[in-house]
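Structure, as structure tokens:
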Amino acid sequence: AQSVAQPEDQVNVAEGNPLTVKCTYSVSGNPYLFWYVQYPNRGLQFLLKYITGDNLVKGSYGFEAEFNKSQTSFHLKKPSALVSDSALYFCAVRDYGNNRLAFGKGNQVVVIP
Amino acid sequence: DAGITQSPRYKITETGRQVTLMCHQTWSHSYMFWYRQDLGHGLRLIYYSAAADITDKGEVPDGYVVSRSKTENFPLTLESATRSQTSVYFCASSEQTGVAKNIQYFGAGTRLSVL
């Protein structure tokens, strides 16, 4: 079965510093990978996805993610973090053959002013 | 309003009672999903539906029932609520084809407490 792992429970970063949220995946076949963000008391919002093509994917709110096939990773990045980026971030992988997504446990990002 | 809406937003019930959580989407998306979110577990899929009258179990289906008589609605029923079903429940939908295929759009969630 497809799965993703988010090794860190919480990431703390100073405002203005680069932000990285890590994700590794395990799939059979080509991976379809996603990042979502969840603000307090809200549903998940789509940030970006990798299906094929360029290994650097750009998404909403200045976020990007780098797909690395040899390291089976799909890390989320932002060059300069904002306090408003403080949220819960989920990595997900599509289950092959259907539209199901398997989500990681999530990373709490705290951006310190 | 367009989008995906869940009701109620908050619900308190007692052990043994039947509870139905509602989900309605206005996009005519083929796929709909129910997840529960718990600390330490992330999001876990309860049930999903590929189209009206087609449903299938997810990772944690026990104790839940779904139906999908119309494309836009996907209610989730807890037949006899237990304390372990205290959670935040999210409904989502996605297209089957097109550039947005596989992107899931989420409702705001229902916070359910079973006492």
Report summary line: Taking a crude spin-label model, label points 7 Å out from Cα along the C-beta direction, the B:Ala100 to A:Tyr96 distance in nm is 2.9 nm
Query raised in the report: Which shape class, rounded, prolate or oblate, goes with chain B when its Cα gyration tensor gives a ≥ b ≥ c as root eigenvalues, a/c under 1.5 marks rounded, and past that a/b bigger than b/c marks prolate?
Result: prolate
Report task. Collect residues whose amide H, placed 1.01 Å from N in the peptide plane, falls under 5 Å from the amide H of B:Tyr47; neighbours closer than 5 in sequence don't count. Result -> B:Trp34, B:Gly58
Report summary line: With label points set 7 Å from each Cα along the Cα-to-Cβ direction at A:Arg42 and B:Tyr10, the distance between them in nm comes to 2.0 nm
**Report entry** Pairs of Cα atoms farther than 19 Å apart, the stretch B:10-77, %
**Finding:** 35 percent
Report summary line: the stretch A:10-113: antiparallel bridges as % of DSSP beta bridges, rounded to 5, reads 85 percent
Report summary line: Rounded to whole angstrom, the alpha-carbon centroid of the stretch B:1-25 lies from that of the stretch B:69-115 at a distance of 9 Å
Query raised in the report: If the cut-off is 17 Å between C-alpha atoms, which aspartates and glutamates fall inside it for A:Lys58, apart from same-chain ones fewer than 8 positions away?
Result: A:Glu66, A:Asp85
Query raised in the report: Per residue and in Å³, how big is the convex hull formed by the alpha-carbon atoms of the protein assembly as shown?
Result: 125 Å³
Query raised in the report: Relative contact order for chain B using alpha-carbon pairs under 8 Å, separation at least 6, rounded to a whole percent?
Result: 34 percent
Requested in this report: May I ask you to work out the translational diffusion coefficient for chain A at 4 °C, viscosity 1.567 mPa s, via Stokes-Einstein with Rh from the Kirkwood sum over Cα pairs, reported in whole µm²/s?
Outcome: 92 µm²/s
Query - the stretch B:59-115: mean projected area of Cα convex hull, nm² - result: 4.9 nm²
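Report, to one decimal in Å, the Kirkwood hydrodynamic radius for the stretch A:1-54 based on all distinct Cα pairs.
Details: mean 1/r = 0.0740 Å⁻¹.
Evaluated over the stretch A:1-54, this radius sits at 13.5 Å.
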Report task. May I ask you to list the aspartates and glutamates whose Cα is less than 17 Å away from that of A:Lys105, ignoring any residue fewer than eight positions away on the same chain? Result -> A:Glu8, A:Asp9, A:Asp95, B:Asp38, B:Glu59
Query raised in the report: Please state the relative contact order of the stretch A:11-62 as a whole percent: Cα pairs under 8 Å, 6+ residues apart?
Result: 24 percent
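Here, each number is a calculation from the coordinates, and none is a lab measurement. Only a predicted model underlies this, so the values are computations on that prediction, with no experimental measurement involved. Glycine also receives a Cβ, built like all others from the backbone with ideal geometry; neighbour counts cover every protein chain displayed.
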